[in-house]
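Notes for the one structure printed next.
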Amino acid sequence: MTSRRDRQIGIFDSGVGGLTVMAAIAKLMPHERLVYLGDTARLPYGTKSAETVSRYAVQATRALMRFDVKLVVVACNTASAVALPVLAAALAPVPVIGVVEPGARAAVAASRNGHIAIIATEGTVRGGAYVRAVHALKPNATVVQKACPLFVALAEEGWTEGDVPERVTERYVRELFESADVKPDTLVLGCTHFPVFAKQIAKAAGSGVTLVDSAQTTATEVAQLLQAQNLKRQGAGEAPLFLATDAAERFARVGSLFLGRPIDNAQVELVDLAP
C-alpha cells in the first residue's frame, strides 16, 4: 500500500489556467507527485451559478480522489470562491486548499496604502470572496473589483499577444482604476488564467502598482500544510499526470503556455465526469 507521504497531490481547475499553480508547486516541491484535472468540457466556470460551479467542482475533485490523493488544491478562483466549504465536506478527511485566501494574504502584505484592486471572473466578483478575505485580514482596506471574462476566452484560445489582448486589457484596467477614489497600489490577478496577460496588465496599471499572482502563495501554503501534517514526500520526482474532460490536443497545446514547458498530447488522458 502506498504511504500517505508518497500519494499524489491533486490539482483541479476549470481549464488550463491552474497549470500556473501546478508549475509553482512543482518548482517549490520537486519531489512531489502531481495529478492535474482540467474540466475543459464545461469551461468557463466564471459565468455559471454558484450551485452549478459547486456541483461541477465536486464531480471533478471526486475524480481526482480515485488517484488516492493526499491533498486537493482547487486552482480555480471561481470554485475556490463559491465551493470550498462544499468541497471540504465532500472530500474529508483529505485537506483542501483554495487560491483565494493565499492571494488575499499576499495582497494585504504587498499593499502600502491599503487600496487593493481585484480582477477576476464574473462568478468570483459576484460572490465577493476576495473582498471578504481581504477585509478579514485588514478591515480598513479599500477594495475595488472588476469582472474580466474575456481574459479567460482569450487565454483558452492561446491568444495572449497582439492588439486584441492589449486593447481588452487597457479597457478593463482603465475602468477598474477609474472606479477607485484613490489609485490602488496592488492589483490581484484573481483568476489563474490571468497571469499570461501580466505584461499587458502591468503596462495598463502603470508604475507603482504591484501585481499579485496567487500561484506562488498557494504553493507556499501547500508546502506548509505538508510539513505540518508530516506528508512531505522524499525521493525522486515523477512525471505529472494530466486529465481533461475534453479536447486533449487543445489542452496540451494551450496548457504548455501556462505550465511553461511542452505537454505532449499522449500525456493527457480524457476522463468523463458524468455523475
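In this structure, does Val53 turn out to be closer than 20 Å to Arg7 by Cβ, touching a residue at least 24 places away in the same chain (Cβ under 8 Å) and either buried (at least 24 other Cβ atoms within 10 Å of the Cβ) or over 13 Å from the mean Cα position of the chain (by Cα) (or both)? Let's see the steps before the verdict.
Details: closer than 20 Å to Arg7 by Cβ: no; touching a residue at least 24 places away in the same chain (Cβ under 8 Å): yes; either buried (at least 24 other Cβ atoms within 10 Å of the Cβ) or over 13 Å from the mean Cα position of the chain (by Cα) (or both): yes.
Spelling it out, it is not the case that Val53 is closer than 20 Å to Arg7 by Cβ, touching a residue at least 24 places away in the same chain (Cβ under 8 Å) and either buried (at least 24 other Cβ atoms within 10 Å of the Cβ) or over 13 Å from the mean Cα position of the chain (by Cα) (or both).
Here is a yes/no grid of residues against (1) out of contact with any helix residue (DSSP H, G or I) (no Cβ under 8 Å at 6 or more places or on another chain); (2) assigned to a loop (DSSP other than H, G, I, E, B):
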{"site": "Arg174", "(1), (2)": "no, no"}
{"site": "Lys183", "(1), (2)": "no, yes"}
{"site": "Ala202", "(1), (2)": "yes, no"}
{"site": "Thr218", "(1), (2)": "no, no"}
Legend entry - Residue within the stretch 15-37 that is within 15 Å of Ala83 (Cα to Cα), within 16 Å of the chain's Cα centre (by Cα) and either among the hydrophobic types (A, V, I, L, M, F, W, C) or buried (at least 16 other Cβ atoms within 10 Å of the Cβ) (or both) present: no
Inset, instruction - Restrict the check to the stretch 78-87 and report whether at least one residue is in contact (Cβ under 8 Å) with a residue 60 or more places away in the chain and either surrounded by 23 or more Cβ atoms within 10 Å (Cβ to Cβ) or at positive phi (or both). - result: yes
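With respect to Asp246, determine if the residue is at pLDDT 90 or above, outside any helix (DSSP H, G or I) and surrounded by 13 or more Cβ atoms within 10 Å (Cβ to Cβ). Full working, then the answer.
Working: at pLDDT 90 or above: yes; outside any helix (DSSP H, G or I): yes; surrounded by 13 or more Cβ atoms within 10 Å (Cβ to Cβ): yes.
Yes; evaluated as a whole, the condition is true for this residue.
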Legend entry - Single residue of Val74, Val82, Val86 found to be within 21 Å of Phe12 (Cβ to Cβ), assigned by TED's automatic domain parsing to the domain that holds Glu249 and in contact with a Leu (Cβ under 7 Å, 6 or more places away or on another chain): Val74
Legend entry - Residues within the stretch 128-163 that are in a loop (DSSP other than H, G, I, E, B) and of a type in the set (A, V, I, L, M), tallied: 1
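The values are calculated or read from the model by the stated rules, or taken from the named source; none is laboratory data. A quick note: this is a predicted structure, and the numbers were derived from the prediction, not measured. Glycine also receives a Cβ, built like all others from the backbone with ideal geometry; neighbour counts cover every protein chain displayed.
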